[in-house]
Each structure stands twice: as structure tokens, then as C-alpha cells.
Amino acid sequence: MDRGYLDSSVMDAVDSMKLKYIIPAKDNHKVIKFKKMDLKYCKDVYGNEFPFMVLRDNIGSSKRVNANFVHIVYYSHKKHDFSFYTNINVNENNVIELAELYRKRWGIENGYQERKIDIREKTHSSHMAIRQFLYFFSILVYNIWVLINLIRRIYGLSHIILMDFLISMGNRKWKTIINNNG
């Protein structure tokens, strides 16, 4: 979830629905103080040590929501330094996995941003059914493109950009999508 959801009423509502969340921590006075505290160490599957901390924290002025504040510093091609709140039980066995989930959330958001820019439905129709159909159709086309690229990666083929995919689909050139001509 986005930083905007770091609110006790939102977190309480999500908890009441028995859903899990990971919300980025805002760098306020309390979070900065937490980051300066002593860190524990965990090991990844390769034996590398990473500093992290987990604290139970009360969110909001009402102090009615208890969440885990997590801060971790680790390296995966480059340094990652994350702080987030979660209602998931966190320990040295799952902290790196949660940090990776936190880090990858932007890929999801940016992926759908690309869909909105390139294949967003373009209509001036006043009929909501038509607008919804085009919106869901554009999501379907985007997800097919993602699936095709995953399949291409499995077979060692290069990534096909969205515009080439759309042009090939429009021209019914299926072989350029399936083969490495894309």
C-alpha cells in the first residue's frame, strides 16, 4: 500500500478484514529515532548478514492500532534501506522476503502506469458500459503482453516492447510475437 494509507483508521479497517499489509514508513521524528536504534542481524540463504529491526508500534493519536515497524538494510545488486509498517509477523526468517515484496511493489504500480499511458481506452462515449468494456479490454491486452513476455523469457527470447506487441497484434503477425522477431 502507498504511504497515504499510513493512517490508524485505514490500518484498523484492513486488520478487521483479516488482510495483510505492508505500508512505507514516513520519515517523521519517530521513524528517524527508530532507525537510529540498535539493529539485529539475519542471514540470507547465501550466509550474508543483514542488519534489521522489528518494533511493535502504536499508530495514530488514538494508539489503537499495533503494527510492526520494520527497518532493514541489505544488498541485492545494490544497497536497499527500507522502513515499513506491517501487520505480518516478522522475524529473521522472513524479513528479507518481506523487504523484497516491499521493494517490488513499484514494479506493479509502474507497470500499470505504462498501460494507462500506452493502451488506455480512448472514448468520448457517454455510455458507461462501453467505457467499462474498453477499460477492462485494455487491462486484458496489457496482461496478455506481460504473459507473452514471461513466456518469451522462459524460452530465452528477448523482451517485446508494448508498442511492437500492439502493432503485431493489430496486423495479425502472431509469429513475430511468438518467435524472436519482436
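Brief remarks follow.
- Taken residue by residue, segment 63-80 has at least one member that is at pLDDT below 85, on the phi > 0 side of the Ramachandran plot and within 23 Å of the chain's Cα centre (by Cα).
- Filter result (under 14 Å from Phe165 (Cα atoms) and either of a type in the set (Ser, Thr, Tyr) or out of contact with any helix residue (DSSP H, G or I) (no Cβ under 9 Å at 6 or more places or on another chain) (or both)) within segment 125-142: Ser138, Leu140, Tyr142
- The set of residues in segment 123-174 being polar (S, T, N, Q) and either under 22 Å from the mean Cα position of the chain (by Cα) or assigned to a loop (DSSP other than H, G, I, E, B) (or both) consists of Thr123, Ser125, Ser126, Ser138, Asn143, Asn149, Ser158, Asn171.
- Single residue of segment 13-55 satisfying the filter (β-branched (Val, Ile, Thr) and not in a helix (DSSP H, G or I)) that is farthest from the chain's Cα centre (by Cα): Val45
The values are calculated or read from the model by the stated rules, or taken from the named source; none is laboratory data. Quantities reported herein were computed from a predicted structural model and do not represent experimental measurements. Ideal geometry is used to build each Cβ from the backbone, glycine not excepted, and the neighbour counts take in all protein chains shown.
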